Structures are given as structure tokens and as C-alpha cells.
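The values are calculated or read from the model by the stated rules, or taken from the named source; none is laboratory data. Note that the structure is predicted; figures quoted are calculated from it, not measured. Here the Cβ positions follow ideal geometry from the backbone for every residue, glycine too, while neighbour counts run over all protein chains shown. All accessible areas refer to the heavy atoms of the entire protein, side chains included, with ligands and DNA or RNA removed. Shrake-Rupley method; radii C 1.70, N 1.55, O 1.52, S 1.80 Å.
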Amino acid sequence: MKKSTRTLLALILITIVFYGCSKSQLAPAPKNKLAASSLNATPGGLQLTVSNPRVSQNFADTVRINGISSSDSVHWFVSPNASVNSLQKTNSHYILSFSAPGTYRIKAVVNNSDSVSTSITVIDSVSTPPSYHLASITGDIKLTPHFHQGSSADSTYLFFTVQTANVSSCGNSYLEFGSFLTSNDNFIVSFNGIETPDASHCTNGGLPLIATVTFNGYHQNYVADTARYPLKIVLNNDAAQTYTGSINFSPTAISFNWNYNSGVVFTTKQISR
């Protein structure tokens, strides 16, 4: 009888141990403990992808960031940066080339806090750089305003994301523009045209062009609680295609006085702050 009892207890113990191991193996890992799938991803969902991680010198490469929303701000950094040719920066991607061989680290900082990085290796061979020509912008330019409220005054600013209404036949075309804030508080943007590569360097298009417009100028902190600033936007570097309005700040909102339904249009004329 004692032998039977010991045998039964042993079987129960084995069953408990086996069940405990099975349950532990099947239990999901906590979400915040999941490892990133690669060095260029974060557990929070941000990820950088490179069109070509190994390229020749002067080759125009594209780095894209996934896991952000349209209201996020992105700042790009390259290390080392002495041989970098920056072709286009937007919140979603960075087109760049390198004039010297080596390994370059590209980092994207989102909302001045989260960051994700990846690398590009540039080999000794030299690619023939594309030749670009400036074409006029046709169709509307669509502006979406955003307000970034940082924890400090120097990271509080207004910016626009921009999209062309027409699609581009070359995916590596880009908007050529300039933007600044004058000493007398005028916001000015000049969309000079679309830089398009020669046919041998043209990649697949079929998508609208996008860009991010930020304002640098005489004021480190131009965002007031209550203020009205003139806004001027010029298309194709043509004075005849000049659009004017104003930006109105209140303690709770930013509105845009903009009386145009074509050419340069706003997707929304008021945002919260």
C-alpha cells in the first residue's frame, strides 16, 4: 500500500512539473519586453528601412521611417557628416548620397525624444551622379499645418507638411523650396519647382511628392499667446503666382486666413495648440 501511495504521489508531482513547464513556455512575453527584430527598430514601433544598405559613392539612397503619425516631428542626423550630400529631408524619408567610402550612421529623432538608427556602407566605386533639372509645379500644393508643443520654448514651433496634388513620374524627384521668418515677423515660403533626375536615374513614380516646411529666422521663439503674422507663398519662383494670407495665434488655437481654393490650399484652416 505504501508503495502504491508513493507511486501515485510521484505521478502527481510529475504532472504538476510538466504542466508548470508547459504553461511557462506558452505564456506570452510582456509587450514592453519584446526585443526589437533588428538594430534599426525599437520596441515602440519605430523602424528605419534603407533602399540600398550598400551603395557606391554618389548614389542617391533613401532612408524611410515607419511607425510615425502625421503630427510627429522628425529630425535627421548622419555620422560622420563630412561627406554627406543631402538631397531631400521630410518627416517620412531622407534622400542622401555620400562622396567618400565608409560606414555612415543615420539617426532619426522623433518629437525630440525617441530615436532609431541604421547604417549605410559606401564602397570605393563611384556611381555617375544623376543630373537634375528644375520643372514647374503643376496642379495644387496642399499644406497641412502642425503645431509641435515641446517641453521647452526652443522646441515649440509651427510647421507644414506639403503634398503635390499631381503624382510624379520619378519617385526620386523632390520639391525645391525655401522657407524663413523675416525680422518683421513675415512667414515666407517659396516653392521654386520640382527637381527631376535624368531618365537613366529615374526610379518608379506614381506617387505625389511630399516635404516638410519648417521656419528658421530671426526669432528663437516666435509663437506668442495672441498674435497675427503675415504669410506669403510663391509658386515656381513667379511673382504672378504669389499667395498671401495670415497666421493667427490664440492661447488655444492657430487659424489661417487663406482665401484660395486652388494653387496653394490648406487641408485645414484651424488646429489646436
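Some observations on this one:
- Computed with every protein chain present, the accessible area of residue 64 is close to 110 Å² [probe 1.4 Å].
- Annotation: the range 88-128 has a Kirkwood hydrodynamic radius of 12.0 angstrom, from the mean reciprocal C-alpha pair distance.
- The range 123-273, dipole about Cα centre (Lys/Arg Cβ +1, Asp/Glu Cβ -1), debye to the nearest 20: 520
- Accessible area in square angstrom per residue, the range 165-273, 1.4 angstrom probe: 50
- Scaled radius of gyration (Cα, divided by 2.2 N^0.38 Å) that the range 97-186 gives: 1.50
- Base-10 log of normalised Debye intensity for the range 63-112 (one unit scatterer per alpha-carbon) at q = 0.15, 0.20, 0.23, 0.29 Å⁻¹: -0.41, -0.68, -0.84, -1.17
- At q = 0.11, 0.20, 0.26 Å⁻¹, base-10 log of I(q)/I(0) for the range 172-260 (Debye sum, equal scatterers on each alpha carbon): -0.42, -1.01, -1.34
- Each label was represented as a point 7 Å from its Cα along the Cα-to-Cβ direction; for residue 126 and residue 239 these points are 4.3 nm apart.
- Mean-position separation - Cα centroids, the range 60-96 and the range 111-130, in angstrom: 9
- For the residue pairs 89/142; 89/232; 89/269, the C-alpha atoms sit more than 20 angstrom apart in 89/232; 89/269.
- P(r) weight above 13 Å for the range 229-273, C-alpha pairs, percent: 57
- Residue-wise HN-Hα coupling along the range 56-64, computed from phi with Karplus coefficients 6.51, -1.76, 1.60 (Hz; x: Gly, Pro): 7, 5, 6, 7, 7, 10, 10, 10, 10
- Rounded percent of accessible protein surface that carbon and sulfur make up, the range 68-213, 1.4 Å probe: 49
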